[in-house]
Amino acid sequence: MSEAVRFHFTVDGDDFTSAGQASVQVKKNLRTLGIAPEIIRKVSIAMYEGEINMVIHAGGGEADVLIFEDRIEIHLCDNGPGIANIDLAMQEGFSTAPDNIRSLGFGAGMGLPNMKRYSDSITIDSALGKGTKILMTVNLS
Amino acid sequence: MKVCDVAEKFSLKPLSVADSSREITGVYIGDLLSWVMGRAESGDAWITIMSNINIVAVASLADVACIILAEGVVPDENVCITALQKGINIYTSDKTAYELAAALAQCLL
């Protein structure tokens, strides 16, 4: 089996105006690799939501996208406050985003639900005060 | 119907014209970005009053045909510059979202 293609990004937690740059770059890279448009849409939307969450809640983090023959993995890692109640956070409409973030059009409580909707599997490993690790997988077949 | 044809027919004011030959296949109205991201379809005309820089990334990732800013909303110049660089069409109109959607429905439905 051939080695996975990997893209690594550092998500800047201080610059909300540049949030989403990693996702847009991933979209470009996947298009260059000839990945199907619907797969690109799923990966880039799922990753964007994760990227935005890291900016809003965790002060940034690291993102890795690995492309295998049969799947694309999105690994997100931050050292933020962690998610207190993952089941609650997965519910559409639940949000802990502050008002200044809501005024920008975020904080609708759709981040994690969208990440689940647009990936074929998602695992969330979060510890309060330590951070959150998320793995999303989008199947290619 | 192409973006350029819709723009001309409804007198939309161009703010960023990156690819006006894109076909509009539907309409989505919304200001909550994650909601738009999750629900808008590729090829939609996205009608919104949200005008911060993040609309460019959302439009790019959701692959909408264009953004139409309703009620005369005009974004900062850097939003238009970034949109042009990212290949995103942005127009503005004095019409409300409802009026724009009703007008577009005549062409699309």
Between residue A:71 and residues 5 or more places away or on another chain, the pairs with built amide H atoms under 5 Å apart involve A:140
Would you calculate the separation in nanometres between label points at residue A:125 and residue B:99, each defined as 7 Å from the Cα along the Cα-to-beta-carbon direction? 5.5 nm
Output for region A:86-138: trypsin sites (Lys or Arg not before Pro) sitting in coil per DSSP, at most 13 other Cβ within 10 Å, listed by number, reads A:130
Rounded to whole Hz and in sequence order, give me ³J(HN,Hα) for region A:32-40 from the Karplus expression 6.51 cos²θ - 1.76 cosθ + 1.60, θ = phi - 60°, writing x for Gly and Pro. 4, 7, x, 5, 4, x, 5, 5, 4
Straight-line reach check, residue B:2, cutoff 29 Å on alpha carbons, 8 or more apart in-chain or any other chain, hits among lysines -> A:27, A:28, A:42, B:13, B:86, B:95
Kindly give the semi-axes, whole Å and largest first, of the ellipsoid equivalent to the protein assembly as shown, taking each as the square root of 5 times a Cα gyration tensor eigenvalue. 31, 20, 15
With a sphere of radius 10 Å drawn around the Cβ of residue B:49, what net charge do the other residues whose Cβ falls strictly inside it have (Lys, Arg +1; Asp, Glu -1)? -2
Just to check I understand the Karplus step: with θ = phi - 60° and J = 6.51 cos²θ - 1.76 cosθ + 1.60, what whole-Hz values come out for region A:52-61, glycine and proline as x? 5, 4, 5, 6, 5, 9, 10, x, x, x
To check my understanding: the extent here is largest minus smallest coordinate of the Cα atoms along each principal axis. What are those three numbers for region B:12-109, in Å, largest first? 33, 27, 26
Using a ≥ b ≥ c from the Cα gyration tensor of region B:61-103 (square roots of the eigenvalues), is it rounded, prolate or oblate, where a/c under 1.5 gives rounded and otherwise the larger of a/b and b/c decides, a/b for prolate? oblate
Given chain B, longest segment not containing exposed loop GluC sites (Glu not before Pro) (DSSP; at most 15 other Cβ within 10 Å): B:1-40
Just the Kirkwood number for region A:5-139, please: inverse of mean 1/r across all distinct Cα pairs, in Å, one decimal. 14.8 Å
If you add up the charges near residue A:4, with Lys and Arg at +1 and Asp and Glu at -1, over every other residue whose beta carbon is less than 15 angstrom from its beta carbon, what do you get? -3
Per-residue [θ]222 nm for chain B (sum of -39500 (n - 2.57) over DSSP H runs n ≥ 4, rounded to 500): -11500 deg cm²/dmol
Please list the non-local residues whose amide H lies under 5 Å from the amide H of residue B:47, H modeled 1.01 Å from N, same-chain partners needing a gap of 5 or more. B:28, B:29, B:30, B:68
Sort A:14, B:76, B:5, A:78 so the one with the fewest other Cβ atoms within 10 Å of its own Cβ comes first. A:14, B:76, B:5, A:78
For residue A:80, residues with placed amide H under 5 Å, excluding near neighbours: A:132
Within a Cβ distance under 11 Å of residue B:40, other residues only, what is the Lys/Arg minus Asp/Glu net charge? -1
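Read the figures in this text as sums done on the coordinates, not as results from a lab. As the structure is a prediction and not an experimental result, all values here were calculated from the model. With ideal geometry, Cβ positions are generated from the backbone for all residues, glycine too; neighbour counts draw on all protein chains shown.
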